[in-house]
Amino acid sequence: MEQKITLRVDGKERTLTVDTRTTLLDALRERLGVTSAKKGCDHGQCGACTVMLDGRRVTSCLVLAVAGDGAEVVTAAGLADGDDLHPVQKSFVAEDAFQCGYCTPGQIVSAVAMLREAKEGWPSVVSDDLDADRVVLDRAEIAERMSGNLCRCAAYVNIVTAIEKVTRP
Amino acid sequence: MKPFAYQRAKDVESAVTTVAARPEASFLGGGTNLVDLMKMEVLKPELLVDVRHLVSRTIEPAHGGGLLIGAGMSNNELAADRRIRRRYPMLSQALLSGASYQLRNLATVGGNFLQRTRCPYFRDVTMPCNKREPGTGCAARDGVQRDLAVLGADASCVATHPSDMAVAMAALDAVLHTVGPSGERTIPVNELYRSPAEGPQRDTVLERGELITAVELPAAPVAAHSRYRKVRDRASYAFALVSVAAALEVRHGSVTQVRLALGGVAHKPWRATTAERALVGRPATEAGFRAAAEAELAAARPLAGNAFKVPLARNTIVSMLRDLTEGA
């Protein structure tokens with residue numbers, strides 16, 4: 001069963017007809033050629049497919065494309081300003097925050113969204129003061145808030161450092 | 001995935017009417033659990049009625065000083081709400097203990113209650129499972145038992161309910177507001193889940209086509225002094241082996257009010273009423289906490305592979321109550 005949908009992907013409006021079974025991840029990769037979102041587990045467990053959907057990070061493998069009709073999608077490819085990389089992207093390069101790189105686009109989208117959540121004062125389960133106005137992103141907070149992004153190369157030490165450095169330039 | 005039709009309902013009434021009339025139809029909220037189960041063909045709906053856009057995503061004051069939470073709120077939105085963080089911290093912590101930020105941005109409050117078990121035999125269509133296919137038997141009972149229930153289980157099913165949020169909701173006496181084919185009604189969370197002995201294929205008392213529209217949290221001043229603790233195989237992003245939601249008020253060395261519920265041990269969030277009765281009016285001492293926990297867990301019937309959950313639950317209850325007493 002097919003349906004026509006419109007998505008705004010990395011700033012460009014895209015209209016396409018999809019089988020209702022198509023996930024947002026497959027629509028991006030297989031139909032629109034946006035391969036910055038990666039397919040790891042395809043079950044919402046690894047975070048490689050993380051994109052921002054209407055401003056919030058989500059696992060795009062568990063979103064049906066038809067359910068995302070009308071939404072704004074930002075992938076890692078949409079974060080840079082031309083050749084000028086996003087500060088989080090620059091920090092991942094500077095801190096060598098990857099090995100094979102497969103999980104990296106998901107890690108970066110997740111980190112950008114996470115910094116926004118922290119700015120809005122969202123707590124985490126390791127926050128000492130659940131009701132604090134200001135979130136202090138120490139390494140434990142960053143690790144907890146990034147736990148939805150797995151890295152099989154285990155580049156975690158440098159991923160946390162790369163994010164930490166963005167918060168304290 | 002099996003082919004299915006998808007539609008966005010125009011309003012709650014038409015969504016309810018549509019799903020009530022079609023046995024193979026299902027509501028779609030955040031989809032984090034449903035879409036995953038459809039990929040594995042554990043669930044095979046022929047029609048998805050998307051309700052995410054029509055159920056409220058706000059919190060309103062409720063009569064009696066409580067809060068009415070729109071069932072369409074994301075798990076993260078609820079956890080971050082200031083009123084929840086101040087008045088019901090155990091609920092914020094329970095939400096933040098579950099899944100990942102990405103999943104919690106998608107997952108709705110209503111859908112969280114209706115998650116299916118993560119029992120691996122339920123999720124594997126090549127295995128017998130009375131919950132998935134009634135009458136086929138239970139592969140879990142003689143299988144890997146680490147995650148299985150120790151309380152309230154039945155010969156037909158030993159699966160656990162996976163939610164953290166629902167454990168705090170059970171401790172807080174939350175009440176669901178629903179709209180079904182026969183109209184609106186309210187269902188206390190502690191009466192939502194059916195015993196597996198009644199037939200494990202149906203998790204809840206919700207009728208076909210009955211939609212959760214809101215969750216009411218009654219006023220509970222004791223809940224301002226509450227916590228949620230989750231014990232699991234890794235520090236983050238894993239289901240509970242055992243979890244405890246607890247609120248405690250101690251005056252002049254005695255327990256005056258307590259709320260206690262357990263996760264990871266049963267087919268439902270397990271409200272520990274036996275322990276609560278054993279605590280109220282008695283001295284707030286470690287010995288008393290231990291006796292109350294043991295009274296609650298006397299009904300436990302563990303298997304060889306999950307017997308560790310009984311002392312783990314006891315110790316987690318005792319440490320939670322001790323921490324809440326010391327912080328009182």
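The values are calculated or read from the model by the stated rules, or taken from the named source; none is laboratory data. Note that the structure is a prediction, hence the values are computed from the model and not measured. Heads up, the Cβs are rebuilt from the backbone with ideal geometry, glycines too, and the neighbour counts pull from every protein chain shown.
Can you confirm whether the range B:117-135 contains a residue that is within 17 Å of the chain's Cα centre (by Cα), within 14 Å of another protein chain (Cβ to nearest Cβ) and surrounded by fewer than 21 Cβ atoms within 10 Å (Cβ to Cβ)? Break it down stepwise before answering.
Quick first cut of the range B:117-135, residues within 17 Å of the chain's Cα centre (by Cα) only: B:117-119.
Keeping just the survivors that are within 14 Å of another protein chain (Cβ to nearest Cβ) gives B:118.
Adding the requirement that they be surrounded by fewer than 21 Cβ atoms within 10 Å (Cβ to Cβ) leaves B:118.
Yes, that holds for at least one residue.
When you check residue A:157 against the structure, is it assigned by TED's automatic domain parsing to the domain that holds residue A:29 and either of a type in the set (A, V, I, L, M) or over 30 Å from residue A:22 (Cβ atoms) (or both), yes or no?
no
For the range B:80-91, indicate whether the set of residues that are without any contact (Cβ under 8 Å) to a residue 40 or more places away in the chain, at the interface with chain A (Cβ under 7 Å from one of its Cβ atoms) and crowded, with 24+ Cβ neighbours inside 10 Å is non-empty.
Taking every residue of the range B:80-91 in turn, none turns out to be without any contact (Cβ under 8 Å) to a residue 40 or more places away in the chain, at the interface with chain A (Cβ under 7 Å from one of its Cβ atoms) and crowded, with 24+ Cβ neighbours inside 10 Å.
Being hydroxyl-bearing (Ser, Thr, Tyr) and assigned to a strand (DSSP E or B) is the filter; apply it to the range A:1-20 and report the residue that is surrounded by the most Cβ atoms within 10 Å (Cβ to Cβ).
So, considering only residues that are hydroxyl-bearing (Ser, Thr, Tyr) and assigned to a strand (DSSP E or B), the one surrounded by the most Cβ atoms within 10 Å (Cβ to Cβ) is A:6.
If you scan the range B:281-328, which residues turn out to be over 24 Å from residue B:240 (Cα atoms), hydrophobic (A, V, I, L, M, F, W, C) and surrounded by fewer than 14 Cβ atoms within 10 Å (Cβ to Cβ)?
Within the range B:281-328, B:287, B:328 meet the criteria.
Do you know which of the residues in the range B:74-113 that are assigned to a loop (DSSP other than H, G, I, E, B) and touching a strand residue (DSSP E or B) at 6+ places or on another chain (Cβ under 7 Å) is nearest to residue A:47 (Cα to Cα)?
Looking only at the range B:74-113, we keep the residues that are assigned to a loop (DSSP other than H, G, I, E, B), and these are B:81, B:88, B:98-100, B:107.
Checking which are touching a strand residue (DSSP E or B) at 6+ places or on another chain (Cβ under 7 Å) leaves us with B:81, B:88, B:107.
On the way: B:81: 25, B:88: 30, B:107: 15 Å.
Only one residue fits best here, namely B:107.
For the range A:138-169, how many residues are modelled with pLDDT under 95 and either part of a helix (DSSP H, G or I) or touching a helix residue (DSSP H, G or I) at 6+ places or on another chain (Cβ under 7 Å) (or both)? Steps first, please.
Our first condition is that a residue be modelled with pLDDT under 95; within the range A:138-169, this holds for A:167-169.
The next check asks that each one be either part of a helix (DSSP H, G or I) or touching a helix residue (DSSP H, G or I) at 6+ places or on another chain (Cβ under 7 Å) (or both); those that pass are A:167.
Residues flagged as modelled with pLDDT under 95 and either part of a helix (DSSP H, G or I) or touching a helix residue (DSSP H, G or I) at 6+ places or on another chain (Cβ under 7 Å) (or both) within the range A:138-169 amount to 1.
Given the criteria over 17 Å from residue B:95 (Cα atoms), assigned to a loop (DSSP other than H, G, I, E, B) and either aliphatic (A, V, I, L, M) or facing chain B (nearest Cβ under 10 Å) (or both), does residue A:135 qualify? Steps first, answer last, please.
Details: over 17 Å from residue B:95 (Cα atoms): yes; assigned to a loop (DSSP other than H, G, I, E, B): yes; either aliphatic (A, V, I, L, M) or facing chain B (nearest Cβ under 10 Å) (or both): yes.
Taking the combined requirement at face value, the residue satisfies it.
Filter the range A:21-35 for residues that are out of contact with any Gly (no Cβ under 6 Å at 6 or more places or on another chain) and either crowded, with 20+ Cβ neighbours inside 10 Å or among the charged types (D, E, K, R) (or both) and give the result.
A:21, A:22, A:23, A:25, A:26, A:27, A:28, A:29, A:30, A:31, A:34
Using the structure shown, decide if residue B:9 is more than 21 Å from residue B:173 (Cα to Cα), in contact (Cβ under 8 Å) with a residue 40 or more places away in the chain, crowded, with 17+ Cβ neighbours inside 10 Å and in contact with a helix residue (DSSP H, G or I) (Cβ under 6 Å, 6 or more places away or on another chain).
Judged against the criteria, residue B:9 is a match.
Take the residues in the range B:30-59 that are of a type in the set (S, T, N, Q) and either within 11 Å of chain A (Cβ to nearest Cβ) or more than 21 Å from the chain's Cα centre (by Cα) (or both); name whichever of them is surrounded by the fewest Cβ atoms within 10 Å (Cβ to Cβ).
Applying the filter and picking the extreme gives B:33.
Taking the residues in the range A:103-126 that are crowded, with 21+ Cβ neighbours inside 10 Å and under 18 Å from residue B:89 (Cα atoms) as candidates, determine which candidate is nearest to the other protein chains (Cβ to nearest Cβ).
A:125
Looking at (1) within 11 Å of another protein chain (Cβ to nearest Cβ); (2) on the phi > 0 side of the Ramachandran plot, which is the one condition that is false for residue A:33?
Here residue A:33 meets the rest and fails (1).
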